[in-house]
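Student: My structure is below; once you've seen it, I'll send some questions.
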Amino acid sequence: MESKQLAVYLIMGGAVIVALKFITEIISFILSDFFLGLGALLMVGGAVILALRFVKENRDDADDEPFRGVKQ
């Protein structure tokens, strides 16, 4: 294996480990306080509901659009 390619793999692996450690520290901090955890849970729930609403609207709009000028 070429040393340049090995160096890139080592850098990417280290970045992934640091990112995972950073994310677990943030999550453990948020869940350590009840109200902070509850607020985060409510925000994530609202974001999921909003995303599902956008997906549903896109599917409904796609059914109404003509396909290359021809009604389906």
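The values are calculated or read from the model by the stated rules, or taken from the named source; none is laboratory data. The structure presented is a predicted model; accordingly, all values stated were derived computationally and were not measured. So basically every Cβ, Gly included, is an ideal-geometry build from the backbone, and we count neighbours across all protein chains shown.
Student: If you go through region 39-56, how many residues are under 25 Å from THR24 (Cα atoms) and either touching a strand residue (DSSP E or B) at 6+ places or on another chain (Cβ under 9 Å) or at pLDDT 90 or above (or both)? Steps first, please.
Tutor: Keep residues of region 39-56 that are under 25 Å from THR24 (Cα atoms), which gives 39-49, 51.
When the remaining residues are screened for being either touching a strand residue (DSSP E or B) at 6+ places or on another chain (Cβ under 9 Å) or at pLDDT 90 or above (or both), the result is 39, 42-49, 51.
Residues that pass the stated criteria total 10.
Student: What's the number of the condition ILE26 fails, among (1) modelled with pLDDT of 90 or more; (2) surrounded by 10 or more Cβ atoms within 10 Å (Cβ to Cβ)?
Tutor: With (1) modelled with pLDDT of 90 or more; (2) surrounded by 10 or more Cβ atoms within 10 Å (Cβ to Cβ) applied to ILE26, the lone miss is (1).
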